[in-house]
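Structure record follows, encoded as structure tokens.
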Amino acid sequence: MFNTLKKTSLALLVASTAFISLSCDKDDPEADKLGNWYRAGIPSFGGSARARAVSFVIGNKGYIGTGLTNETVQRVKDFWSYDATTKIWSQVAPFEGSGRNDAVAFVASGKAYVGLGFDGVTTVDGGYKKDFYQYDPATNKWTKKADFAGGTRQYATAFVTDNRAYVGLGWNGSGYYQDFYEYNIQTDKWTERATFTGGKRRGALAFTVGGKAYVGFGQTNSGSAEPKDLYSFDPAGNSGTGAWTRMEANTNDDLTGRTYALPLVINDKAYIVGGTGKSDTWEYTPGTNTWVQVATFEGGQRAFPAGFAIGNTGYVGTGGSITDDFWAFDPTAPVNADDNL
């Protein structure tokens with residue numbers, strides 16, 4: 001009799017535990033999302049805490065530099081590289097231009113190009129910049145390049161496709177832009193290309209997947225509207241001046257417009273992280289033009305994050321209200337809340 005009661009109680013306990021577990025999973029909005037953000041084994045950013053920095057990747061190393069480091073608006077020009085194999089941050093040569101925030105960066109032929117932004121020296125072009133510099137990781141040196149032909153601005157957007165670099169959009173304190181310029185790395189010259197058909201905006205995002213570039217989101221010149229549209233760019237269109245094509249609109253109401261978000265490209269998919277007031281992460285598959293919500297960024301709402309993708313892993317950090325945290329993202333792993341310390 002006692003054994004029977006004991007077995008019955010144990011069975012009820014197991015069933016109750018399973019029910020509670022299933023109920024918790026059902027109530028957890030992250031339970032059905034793929035992808036895992038984690039900090040375990042990942043060091044914090046090597047430099048001082050900051051926001052509105054630039055970032056890029058060359059080979060198996062990611063780079064973060066410039067930005068704002070404190071609430072008194074101190075603008076810096078230091079740069080740091082992250083080795084994904086050794087998990088070590090190393091300081092590299094400082095940026096040759098003035099310390100600044102909201103610059104833009106792109107990589108072509110194994111070298112990085114950084115420019116534009118705002119340095120706070122308002123007596124010169126209102127503090128808005130148009131200079132550009134090239135960084136060569138082989139020599140750890142910066143070289144001054146031709147000024148951006150579109151004039152001074154911050155919050156611009158850049159991408160590279162077919163080894164051709166494009167920079168455009170942004171804001172200069174008095175107005176928004178919708179232009180784009182192509183940079184020829186051999187001749188060090190800028191040439192104006194097709195105007196972005198999505199209208200004037202700043203803080204837009206851009207990424208390249210499978211050789212095709214995409215630009216979208218950001219804030220329009222209305223000052224408040226944040227569209228969630230996306231456009232592809234064909235550099236050969238319009239007799240070589242480039243052609244923009246709007247992708248079919250996304251009808252998922254959970255995906256909202258955003259400004260100052262970060263795109264990561266991993267295995268021919270783009271992952272959009274954060275943005276002003278946002279912590280959600282979205283996976284975009286260009287081949288099917290589909291969006292899927294994946295694991296929420298566990299660092300909280302994050303505007304102006306810096307980051308890059310190395311191999312099958314994304315890395316995101318800094319940004320927000322001046323931070324130095326650094327997170328890794330595995331898009332294929334299940335969520336694990338226990339590895340974010």
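The values are calculated or read from the model by the stated rules, or taken from the named source; none is laboratory data. Keep in mind that this is a model prediction, so the values were computed, not measured. Cβ sites come from the backbone with ideal geometry, for glycine too, and all protein chains shown count toward neighbours.
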Find all pairs meeting these conditions: Cβ atoms under 6 angstrom apart; at least six residues apart or on different chains; first residue within the range 102-116 and more than 13 Å from Ile64 (Cα to Cα); second residue among the basic types (Lys, Arg) and not in a strand (DSSP E or B). Leu116/Lys129; Leu116/Arg153
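Being farther than 22 Å from Ala108 by Cβ and either in contact (Cβ under 8 Å) with a residue 24 or more places away in the chain or aliphatic (A, V, I, L, M) (or both) is the filter here, so list the residues in the range 198-215 that pass it.
Applying the first criterion (farther than 22 Å from Ala108 by Cβ) to the range 198-215 yields 198-203.
If the condition is that a residue be farther than 22 Å from Ala108 by Cβ and either in contact (Cβ under 8 Å) with a residue 24 or more places away in the chain or aliphatic (A, V, I, L, M) (or both), then Gly198, Lys200, Arg201, Arg202, Gly203 are the ones that fit.
Evaluate the following for Gly320: is it among the small types (Gly, Ala, Ser) and exposed (fewer than 14 other Cβ atoms within 10 Å of the Cβ)? Even if it seems obvious, please write down each step before you answer.
Working: among the small types (Gly, Ala, Ser): yes; exposed (fewer than 14 other Cβ atoms within 10 Å of the Cβ): no.
No: the conditions fail for Gly320.
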Where Gly242 falls short, out of the listed (1) surrounded by fewer than 20 Cβ atoms within 10 Å (Cβ to Cβ); (2) more than 23 Å from Gly319 (Cα to Cα); (3) of a type outside the set (A, V, I, L, M, F, W, C): (1)
Among (1) more than 17 Å from Pro305 (Cα to Cα); (2) surrounded by fewer than 20 Cβ atoms within 10 Å (Cβ to Cβ), where does Asn70 come up short? (1)
Residue hits (the range 194-225; assigned to a loop (DSSP other than H, G, I, E, B) and at pLDDT 95 or above) are Ala194, Thr195, Phe196, Thr197, Gly198, Gly199, Lys200, Gly203, Ala204, Phe217, Gly218
Would you point out which residue out of Ala40, Ala53 is farther than 27 Å from Ala138 by Cβ, touching a residue at least 60 places away in the same chain (Cβ under 8 Å) and either hydrophobic (A, V, I, L, M, F, W, C) or crowded, with 19+ Cβ neighbours inside 10 Å (or both)? Ala40
